[in-house]
Structures are given as C-alpha cells and as structure tokens.
Amino acid sequence: MRRNEKVYKRRRIAVACVAAVVVLAAAVGLTLLLHPSPHFTFDGEKAAAGTITVSSADISGELGRVKAYDWLGKERPVQCPEIGFAGPGEYPLTLTAEDGLGKQAQFTLTVVWEAAPEAPTEPEEEPETPSGGEGSSSSSQGGQSSGGNTGEVVYSGGIVEPASITPEVISNPSAITAIVNKYHALPEGYTPSDLVAITTNCGKNLQLRKEAAESWEQMMEAAKADGITLKAVSAYRTKDYQNGLFTRYTSQYGKEYTAQYSAYPRRSEHELGLALDISNTAGIPDNFETTAEGKWLMKNAHNYGFILRYPEDKVKITQYGYEPWHYRYLGKDLAETLYKSGQTYEEYLGVK
Ligand SMILES: [Zn+2]
C-alpha cells in the first residue's frame with residue numbers, strides 16, 4: 001500500500017511537471033507568434049506613413065526622421081529598398097523593420113524631390129589666394145564676422161565659424177590624399193572626373209571616385225562575410241548640394257551647431273568624392289559607434305583605405321564634432337599609418 005502511494009505520488013509529480021512544461025512552451029510559442037510587430041515613429045511620433053521634401057537625391061539626413069522600435073521598445077534598424085532617383089518628382093518608398101524574432105512591419109514614405117532653389121554663391125569678398133594671416137584671435141559665441149579681416153569667430157568648445165575663416169585653396173584637388181577641411185578649400189569649378197555609382201544597400205544613387213568606390217565594395221563584402229550590412233547613406237555631393245545643406249542646417253539648428261556638423265561649401269570632403277557616411281539603418285543613428293556595424297568599421301575600415309575622420313577626442317583639431325559615421329578614403333597605406341598612429345589627417349600633415 002505504501003509503495004503504491006509512493007508510485008502514485010511520483011506519477012502525479014511527473015504529470016504536473018509535463019503539464020507545466022507544456023503550458024510554458026505554449027506561452028512562449030504564443031508570445032513569439034502574437035507579440036506586437038515593430039512600430040515606426042516619424043519625427044518622434046508614432047506613425048505608419050510620412051512625406052519628406054528634399055532638394056536633391058541625397059536623403060540621408062531626412063531618413064533619420066523615421067525610426068523603428070520593437071515590442072520591447074528597443075530601436076531596430078530601418079531597411080530601405082534600392083531606388084534610383086531620376087530627377088525631381090515624387091518617389092514612394094516602403095521602409096521595413098524587423099524585430100529579433102523575425103516579425104516585420106512596414107512604413108510608407110513619400111519622398112518629394114523638388115527642383116533645387118537658387119543656391120547662394122560663395123561670399124564675393126573671399127580672396128583667390130590666402131592672405132597667410134595667422135588670425136586665430138577669438139571672440140565670444142554667436143558673433144558674426146562682418147566681412148573683411150576681422151579674424152575668426154570661435155564658439156564655445158573651440159569650434160570656429162567657417163564663414164569667418166579665409167581658407168587656403170588647395171592646388172591638388174584630384175589627389176587621393178588632398179586635404180579638405182575648414183582651412184583648406186576646393187578650387188571653384190572642380191568636379192571629380194572619375195565618379196562611379198556605388199552599392200548603397202539603402203535606396204539612393206550615390207557616387208564615389210573610382211578607387212574609393214572599389215574599396216567600398218570590397219569593404220562591404222568583407223563586412224557581409226562577418227554578418228554585417230553596411231549602408232552608404234551619403235557620398236559625393238556637389239557644391240550646390242553642400243551649399244543647400246549648410247544653409248538648411250543654419251536656419252534649422254543655428255550657426256554654432258552647423259559649424260560643428262556641417263561643412264561650408266567647397267570645404268566638404270564629400271565634394272572630393274572620397275568621403276562616405278556609413279550607417280546600419282536608413283538614417284544615421286546618434287549612437288552609431290555602439291552598433292555592430294559602427295564597431296566593425298572602427299576595427300576594419302583602415303584595411304580598406306578608410307579612416308574615421310572626426311574622432312571624439314580630436315574635435316578642436318578637426319574642427320568638427322564627433323561623427324562616428326563619416327569615413328574618408330585616403331588609400332590603404334596612409335589609412336593604416338593614421339590608424340596606427342592615432343593621428344588625425346591634420347596632425348599627420350602638420351596643418352590646421
Ligand atoms: Zn559625412
């Protein structure tokens with residue numbers, strides 16, 4: 001009798017255990033099956049569709065307005081299809097996001113490309129040749145150079161207002177190693193002669209100079225082999241486009257912010273056709289360096305001739321805020337040298 005009772009008890013425990021496992025498995029299965037799909041936000045508001053208006057095919061900054069989150073509130077990459085912009089017009093775009101369990105959601109975006117407004121031209125008082133003055137005087141923030149030779153306007157943090165700088169016009173714009181920064185400008189009228197289309201993984205027809213483009217394709221393939229999808233979100237820009245971008249940034253975010261994150265026309269590496277903004281999503285996330293893609297680039301980009309151009313601890317030297325997405329092609333040897341030395345290109349060349 002006692003033995004039978006024991007057996008009976010054991011059986012009951014076993015049945016209860018099996019039942020618990022079945023219930024648990026069913027709960028997990030149902031959760032996996034029924035959990036909410038990712039959701040999108042547009043300009044920070046929950047939305048399923050949106051419209052953006054742009055003045056060129058470079059929609060990188062604008063796509064950052066669309067973000068996706070999974071059911072647990074974690075941000076997910078926004079996937080965008082490859083589309084070709086043929087010119088001003090309306091382009092419907094379906095963006096996709098997928099959560100870690102493979103559940104997808106879609107966002108409908110209409111890109112309205114308007115004919116570009118008349119772009120403002122360079123300030124006329126800019127001399128052809130540099131005056132050579134070492135005018136590194138400073139004034140407090142918000143000041144405005146009233147033209148002429150009043151010296152540089154320096155914002156807090158040591159960032160100089162580009163309009164207050166008279167840059168040196170470089171003589172070797174077609175060299176792969178040409179330096180372009182706040183103090184070194186491209187000559188008027190220079191356009192790279194060997195621009196080619198690149199694979200973007202993100203919906204836009206972008207171009208780089210041939211050598212940089214080939215290296216980008218190799219780097220992208222190598223990343224893919226490591227399970228990393230790199231997206232090119234901005235590459236070559238014309239002077240007019242850069243001008244429009246700088247003007248829009250200035251009116252939207254003010255001069256001080258613009259001086260940190262946007263280049264004055266003719267002083268953008270993007271106009272060289274050798275700079276690339278890389279992301280893991282349709283726009284550029286603020287925390288790109290913490291993503292698998294950002295980390296992969298920091299570790300490997302120099303092997304393909306690209307360097308992180310505006311590091312976090314070199315802001316005063318590069319004169320730009322930290323941009324973990326902006327990579328400059330300099331060729332493998334030079335990129336490796338800079339990577340190993342930890343120097344910026346300015347430090348390496350010994351120039352401002
Ligand atoms: Zn950039």
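Values in this text are rule-based calculations from the coordinates and carry no lab data. Please read these numbers as outputs of a predicted model, since none were measured by experiment. No Cβ is skipped: glycine too gets one built from the backbone with ideal geometry, and neighbour counts run over all protein chains shown.
Some values worked out for this structure:
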{"item": "Exceeding the 29 Å Cα-Cα cut-off - candidates LYS74/LYS314; LYS255/LYS352; LYS255/LYS314; LYS224/LYS332", "result": "LYS74/LYS314"}
{"item": "Cα-based reach from LYS6 at 19 Å (exclusive), listing lysines while leaving out same-chain residues under 8 positions away", "result": "none"}
{"item": "Over the chain: Rg over Rh, Cα atoms, Kirkwood Rh", "result": "1.14"}
{"item": "Label-point separation, GLN106 to TYR257 (7 Å along Cα→Cβ), nm", "result": "3.4"}
{"item": "Positive-end residue, the stretch 167-349 charge dipole about Cα centroid, Cβ charges, pick of GLY273, TYR329, GLY227", "result": "GLY273"}
{"item": "Acute angle (nearest 10 degrees) that the helix 332-341 long axis makes with the longest principal axis of the chain, alpha-carbon atoms", "result": "80"}
{"item": "The stretch 193-299: Cα Rg divided by the 2.2 N^0.38 Å rule of thumb", "result": "1.12"}
{"item": "Under the Karplus curve 6.51 cos²θ - 1.76 cosθ + 1.60, θ = phi - 60°, whole-Hz ³J(HN,Hα) for the stretch 85-94, x wherever Gly or Pro sits", "result": "8, 8, x, x, x, 10, 10, x, 9, 9"}
{"item": "Lysines whose Cα lies under 20 Å from that of LYS67, excluding same-chain neighbours fewer than 8 positions away", "result": "LYS46, LYS103, LYS204, LYS231"}
{"item": "Local electrostatic count, GLY89, Cβ distance below 15 Å [Lys/Arg +1, Asp/Glu -1]", "result": "-1"}
{"item": "Residue-span extension gain [THR229 to SER171] - 0.36 nm each, minus C-alpha spacing", "result": "17.2 nm"}
{"item": "Estimated [θ] at 222 nm from DSSP helical runs (n ≥ 4, -39500 (n - 2.57)) normalised by residues in the chain, nearest 500", "result": "-9000 deg cm²/dmol"}
{"item": "The stretch 167-349: C-alpha gyration tensor shape, a/c 1.5 cut-off, then a/b vs b/c", "result": "rounded"}
{"item": "Long-range amide H partners of GLY273 with built H, under 5 Å", "result": "ARG237"}
{"item": "Among PRO265, PRO92, PRO285, residue whose mean-square fluctuation peaks in a GNM of the chain (springs only between Cα atoms under 10 Å)", "result": "PRO92"}
{"item": "Between the stretch 69-106 and the stretch 211-239, the Cα center-to-center distance that results, in Å", "result": "19"}
{"item": "Tensor-based shape of the stretch 39-113 (alpha-carbon gyration tensor, a/c under 1.5 rounded, otherwise prolate or oblate)", "result": "prolate"}
{"item": "Backbone HN-Hα couplings from phi across the stretch 161-174 [Karplus 6.51/-1.76/1.60, Hz, Gly and Pro as x]", "result": "5, x, 5, 8, 9, 9, x, 7, 7, 6, 9, 10, x, 8"}
{"item": "DSSP bridge pairs, the stretch 167-349: antiparallel proportion in percent, nearest 5", "result": "85"}
{"item": "Selected from LEU338, PRO36, GLY305, residue furthest toward positive end of dipole (the chain; charges at beta carbon)", "result": "PRO36"}
{"item": "Residue-wise HN-Hα coupling along the stretch 32-48, computed from phi with Karplus coefficients 6.51, -1.76, 1.60 (Hz; x: Gly, Pro)", "result": "4, 7, 9, 4, x, 5, x, 10, 9, 10, 10, 6, x, 9, 4, 7, 10"}
{"item": "Qualifying trypsin sites (Lys or Arg not before Pro) for the stretch 1-45 [loop in DSSP, other Cβ within 10 Å: at most 12]", "result": "none"}
